[in-house]
Each structure stands twice: as C-alpha cells, then as structure tokens.
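Read through the structure below, which is laid out as structure tokens, and then see the notes.
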Amino acid sequence: MKLALVVITIAVFYVLHQDWWNWSAARPLAFGFLPVGLWYHALYTIAAAFLMAALVRWCWPSGLERDE
Amino acid sequence: MIPALFVLAYLAIVLYIGIFAFRRSSGQSEDFFLAGRSLGPWVFLLSLFGSHMTAFAILGSSGHAFNFGIVTYGLMASSSALVVPLCLLFLGTRLWSVGKRFGLITPVQIFRDRWECGHIGTLIFFLQAALLVPYIIIGVMGGGTTLSVISGGFIPFWLGGLIVALVVMSYVFFGGMRGTAWVNTFQTVLFLSFGAIAVILISQGMGGFTAVTERLLNNPNTASLLTRDKFSLTTFLGYTFNPLSAIAFPHIAIFCLTARKVTQFKRTVIFYPICLLLIWLPCVYLGVAANQATDIPAIEAKVEAKAATGRPVPGDDVMLQLLGRYAPVWVAGLLGAGIMAAVMASDSQILALSTMFTEDIFAFYGGKDKFGEKAQIATGRLFVVLVTAFAYFTALNAKVAIFDLAVQYAFAGYAAMAPLFVAALCWRGSTKWGALASTLFIAASTFALYLLPRGFTIAGFAPVVPMTLISAALVWGVSLLTPKPSAATINRYFPSSSV
C-alpha cells in the first residue's frame, strides 16, 4: 500500500512536469517579469524539494544504516 | 582585464586548497580516491552538487536559453530536480552501502563483484571512460571561453583553456578526492552566493526585470522565447530521461561512496532541487534576456545572425558578455570567478577517470599486487596528466556548442547505463549476460549517434529515450534467459531475502 502510494505520487509528479497547458503562453507574469512557463517550473522545483523531504521520511532505507 | 585578475586570483586559491588537502592525505589509495570515505554532510551535498554542475549548467544553459528561450529550464533543471534526487535516494544510498561493506571504490568493481564477471567489467570501464571524455572537454572549453571573454580577448581561448586545465590537473594530482571535494564545496558556495547578485545587477543595468520582459514580449523576434513554442511536447518529454545519467556518471557514482554515513544522503536529496533552482533560474533568465542586450556588439551580431538565418547561433558566451557590460568591474570579477567555479567541475570527472583506470584496469590486472599501493597512486596521477592533456588538445578543435556536446553523447549514453545500476543494486535476478547485452547496445548506439545528423529523433523523441528503454529491456530480457550468479553472492547483496 505504502509502495503503491509512493509510486503514484512520483508518477503524478512526473506528469505535472509536462505542463502542456502553459505551452504557448507567456502571461501571466510572476512578479511582473517571470513568464508563466518559467515560474511554473521554478515552483515545481521547490515542490520537488518538499516531495524529497516526504520521501526521505516515508521511504528512507534505514536498513542501510547498519553499515555506518 | 581587472575581472580576469579576480579569476586568476581565484584559480590560485583553489590551487592552494588542493595542495592543503595533499598535506592531509594518508598516502593510502582509499584516501586519495575517496577521501577515506569521510566527507561530512554539507561538504558531501555541496561537492556532489558542484561536481554535477559544470560549464554545461552555466554557460551551456544560458547559451541554449538565448537560442530557444525559457524551455531550457524545464528541459534540464526541473526534470533533474525530480529525477536526480530520486536516483540518489534509491540508488546512491545502495551504492554507498555496497561500497562500504565490500570495500569497493568504483562502479565497475561493484558490477564485477555483483555479477561475478571480469572482462565484462573491463568493457563497461571502456564505455564509461569513452562517454566521460566529452564531458571533461566541456570543462576545458568552458574555462577557455570564460577567461577569453572576461579578459576582453586579452587571454585567448587556447591560453584560457590551458590555464584552467593546468590548475585543475594540479589540484586533482595533489589533493585527490579530498582536494576535489573541498574545491567543489568552495566553488558551489561561491556561485550560489553570487548567482542572484548577477541577475539583479545585470537586469538593473538593462532597465529592470519588468522592462526587459516587456521588451522581449513586444519584439516579434523574441516573444516566442518566453513560451515553449520552439520545442515540441514530445521532445520536452524525452528530455526527462537525460537526468537518469546522473547516477551512471562515474564521478557522481564514486562521489556517493565518499559519504561518512548513509544518513548524509538525506540532506543532499532534499536540498538538491533548491541548489538547482538557484543556479539554473538566473542562467536561463539571463540567457533569454541577452536577446535584448543589443548594445553589446558581440550579442548584436548573434541576434542579427539568428534573425537572418532562423538558426541557432553559438551562445555559450552570452552570460559573460552581459557580465562584462552591466556589472561593476569588481563584481564582474567575483562573478566571473563564480562562473569559473562551475565551469571547473571537470576536476571530479578527471579524478573519476583516474580512479577507474587504476582500480578497474591497473589493480584488476595485477598492477597493484606487483608494484604496490604507492605505484597505484602514482599511476592514477600520471593518468590525470594524460587525460587532461588529451581533453585540452581535443577542446582546441571542438566546434560543437557546450549544451549540444553534453546532450548528444554524454547524457544519452549514461542515461542508457542507468538500467545497469538498477539491475545490479535492486534486482536479484540480473546477470552479467544481461549487463553485457546492454553495454554492447549502448556502445553501438552511441557510435551510431556520432554518425547520425545532429537533432536526429525517433518518432519525435530524442535518441536518449529509445536507448534507455532498449537498454533496460536487454538487461531484463537477457537476464531472464541466462544463469544467475552464485547464491552466496546474491545473498551478500540482498541479505534480507532468500534466493
């Protein structure tokens, strides 16, 4: 169950990377200068950091710590 | 010329760091090649990130954005923000564990031990080495370009490349992995610190962020650069395969073995995307903005050439041109040093190649037993000199843009090798014959890539997509049909499960 949830989360995140809905649009501009296709991916990058924090919490290979 | 003096001073500092690291070395091969598996959490994060980010990230990304627009960020940075930390979390930690438990130093050693093979490992070594050389050449080219532009042409490309090659060679030669890791940490801090300042200063010089963007939008020749219309969605999708190369790059895989504890991966996995954002967002934005900097003659010529031919032009120097025009001299010097910092990431690649040669070839074929550990380190150092010299002379004649050189060969080949790592570390059923089939396919397809025209696609996808999928299918399919390694070996690698 946990594994399935992790796989689905990563798959959804992967799909969100392909933001075809922003493809031909420059506006709206974030902060008045960042085109939507750029700030979407900047936010995506920040969201990736949060995803990684969650994965480190859920999926950390704690068994490997015996080798430390 | 003053910014060039800052850069030269910076080169002197990193040289000193390398020599300082030399004084701390114990003289043992594991200390020279892996810093004694002793890197702490922050040094591990910053040095691993620094070794992954090269001239490709700084000069190549802004040059690509200059030609193709904001799509560059999504193509490489945000896809890497997802894929690279996942590779580190699920494969990097396992590499660390296997290396630590069995005293292994290189990926080929792990493959040989895991699949009970000898010469197949040698074949993998040659493939990895052949794919790494273009990446080292990128570093030398980036160094030559940086010093040449920053000095206003006073230091020619050949001399700039030579200076960078000699400095990198020297601190890798003396400092080994410890010197390389310390230098990479210093370099990453430097660039992360000054990247944001560069964007602010250059944008201010061009009239402010909003004015720059509005001018780009109002110009029919540049408005499409703020969308992704120059790329198809299929191509964009295909680029998400490129970051798989990260774990198969020998310098990244070997870096995974340097952590003192596996828990040090946690910080690296979480902060990796943020570091990517801090470096790539400024570079891509400035690369696009450079299309408005037509008061700089070199950029004006590029913009006119693009408009006249409708084709991309060499753009690896646009970031440096902006810096020279819009930043105060002392800031341009510091920022130039910061750019040089990222450009010089070829150090870890040179060291990785040297480590692989001495461990996978010299030691494996009896050199270490015959001549001893000191001879092994001396061989590694000699190899550093030879690789650097080869990369330098090749860089002098390379005509391909940094971004293209990286994507065309290194990324595609290494991404296709990622299934080998997954199979070795995560699948009990994998065999050496599956690895051999995959390796031969990657070698053949990379050579075919060399012969095919640039921009070649299959059903709209870049070659990296079919190469990676076929490589994975070969490892899987051939492994199913061929005999497994001994139960003892499989139990060593997967102790919690039965054979």
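Out of B:Pro453, B:Pro466, I need the residue that is touching a strand residue (DSSP E or B) at 6+ places or on another chain (Cβ under 6 Å) and not hydroxyl-bearing (Ser, Thr, Tyr). Which one?
B:Pro466
Look through segment B:151-173, keep the residues that are without any contact (Cβ under 8 Å) to a residue 24 or more places away in the chain and in a loop (DSSP other than H, G, I, E, B), and return whichever of them is farthest from the chain's Cα centre (by Cα).
B:Gly153
Quick check on B:Leu127: is it touching a residue at least 40 places away in the same chain (Cβ under 8 Å), within 19 Å of B:His52 (Cα to Cα) and in a helix (DSSP H, G or I)?
no
One residue is enough: does segment B:304-315 have a residue meeting the conditions at pLDDT 80 or above and surrounded by 20 or more Cβ atoms within 10 Å (Cβ to Cβ)? Before you say what the answer is, go through the steps one by one.
Restricting attention to segment B:304-315, the residues satisfying the condition of being at pLDDT 80 or above are B:304-315.
From what's left, surrounded by 20 or more Cβ atoms within 10 Å (Cβ to Cβ): B:315.
Yes - at least one qualifying residue is present in segment B:304-315.
Under the condition of being outside any helix (DSSP H, G or I) and either basic (Lys, Arg) or touching a residue at least 24 places away in the same chain (Cβ under 8 Å) (or both), which residue from segment B:1-38 is farthest from B:Ala181 (Cα to Cα)?
Residue satisfying both the conditions and the ranking: B:Met1.
Out of all the residues in segment B:131-140, is one or more touching a residue at least 12 places away in the same chain (Cβ under 8 Å) and closer than 22 Å to B:Ala423 by Cβ?
Within segment B:131-140, one or more residues are touching a residue at least 12 places away in the same chain (Cβ under 8 Å) and closer than 22 Å to B:Ala423 by Cβ.
What do you reckon, is B:Gly99 buried (at least 24 other Cβ atoms within 10 Å of the Cβ), away from every other protein chain (no Cβ under 14 Å) and under 23 Å from B:Val172 (Cα atoms)?
Spelling it out, it is not the case that B:Gly99 is buried (at least 24 other Cβ atoms within 10 Å of the Cβ), away from every other protein chain (no Cβ under 14 Å) and under 23 Å from B:Val172 (Cα atoms).
Just give me the residues in segment B:431-469 being surrounded by fewer than 17 Cβ atoms within 10 Å (Cβ to Cβ) and in a helix (DSSP H, G or I), in sequence order.
Here is the first cut: in segment B:431-469, the residues surrounded by fewer than 17 Cβ atoms within 10 Å (Cβ to Cβ) are B:440, B:444, B:447-448, B:450-460, B:469.
Correct list: B:Leu440, B:Ala444, B:Phe447, B:Ala448, B:Tyr450, B:Leu451, B:Leu469.
Having 2 or more residues that are modelled with pLDDT under 95 is the bar; report the helices (runs of 4 or more DSSP H) wholly within segment B:39-112 that clear it.
Where helices (runs of 4 or more DSSP H) fall fully within segment B:39-112 and carry at least 2 residues being modelled with pLDDT under 95, they are B:41-52, B:61-68, B:93-102.
For segment A:12-43, which residues satisfy the criterion of being in a loop (DSSP other than H, G, I, E, B) and hydroxyl-bearing (Ser, Thr, Tyr)? First the steps, then the outcome.
Residues of segment A:12-43 in a loop (DSSP other than H, G, I, E, B): A:18-19, A:23-29, A:31-33, A:35.
Across segment A:12-43, the qualifying residue is only A:Ser24.
Here is a check on your reading of the model: is A:Ala48 within 7 Å of another protein chain (Cβ to nearest Cβ) and assigned to a helix (DSSP H, G or I)?
yes
Residues being modelled with pLDDT of 90 or more and under 18 Å from B:Phe102 (Cβ atoms): count how many of those fall in segment B:459-499.
10
Restricting attention to segment B:264-296, and to residues there that are facing chain A (nearest Cβ under 9 Å) and hydroxyl-bearing (Ser, Thr, Tyr), which single residue is farthest from B:Phe90 (Cα to Cα)?
B:Tyr285
If you go through segment B:396-428 one residue at a time, how many are of a type outside the set (Phe, Trp, Tyr) and either modelled with pLDDT under 80 or in contact with a Cys (Cβ under 6 Å, 6 or more places away or on another chain) (or both)?
Qualifying residue count for the region: 12.
Given the conditions (1) closer than 21 Å to B:Phe90 by Cβ; (2) within 14 Å of chain A (Cβ to nearest Cβ); (3) surrounded by fewer than 21 Cβ atoms within 10 Å (Cβ to Cβ), report the number of the one that B:Leu425 does not fulfil.
Answer for B:Leu425: the failing condition is (3).
Which ranges mark the helices (runs of 4 or more DSSP H) fully within segment B:176-263 that have 2 or more residues being surrounded by 22 or more Cβ atoms within 10 Å (Cβ to Cβ), more than 14 Å from chain A (Cβ to nearest Cβ) and not small (Gly, Ala, Ser)?
In segment B:176-263, the matching helices (runs of 4 or more DSSP H) lie at B:250-255.
Of the conditions (1) out of contact with any Pro (no Cβ under 6 Å at 6 or more places or on another chain); (2) modelled with pLDDT of 90 or more, A:Ala49 fails just one. Which one is it?
For A:Ala49, the exception is condition (1).
If you take the residues in segment A:1-30 that are farther than 19 Å from B:Ala81 by Cα and within 7 Å of another protein chain (Cβ to nearest Cβ), which one is surrounded by the fewest Cβ atoms within 10 Å (Cβ to Cβ)?
A:Ser24
Could you check how many residues of segment A:31-45 are of a type outside the set (Gly, Ala, Ser), over 15 Å from the mean Cα position of the chain (by Cα) and either at the interface with another protein chain (Cβ under 7 Å from one of its Cβ atoms) or farther than 12 Å from B:Arg228 by Cα (or both)?
Within segment A:31-45, the first condition is being of a type outside the set (Gly, Ala, Ser), and the residues that meet it are A:31, A:33-36, A:38-41, A:43-45.
Still in the running and over 15 Å from the mean Cα position of the chain (by Cα): A:31, A:33-36.
Subsequent filtering for residues that are either at the interface with another protein chain (Cβ under 7 Å from one of its Cβ atoms) or farther than 12 Å from B:Arg228 by Cα (or both) retains A:31, A:33-35.
Number satisfying all stated conditions: 4.
Within segment B:66-92, track down each residue that is among the small types (Gly, Ala, Ser) and either facing chain A (nearest Cβ under 10 Å) or on the phi > 0 side of the Ramachandran plot (or both). Show your work before the answer.
Narrowing segment B:66-92 to residues among the small types (Gly, Ala, Ser): B:69, B:74, B:77-81, B:92.
Selection gives B:Gly69, B:Gly74, B:Ala77, B:Ser78, B:Ser79, B:Ser80, B:Ala81.
From (1) modelled with pLDDT under 90; (2) closer than 30 Å to B:Ala130 by Cβ, pick out the condition that doesn't hold for B:Thr294.
So the condition that B:Thr294 fails would be (2).
The values are calculated or read from the model by the stated rules, or taken from the named source; none is laboratory data. Worth saying up front: this structure is predicted, and the values here are computed from it rather than measured. Counting neighbours? That spans all protein chains shown, and the Cβs are built from the backbone with ideal geometry, glycine included.
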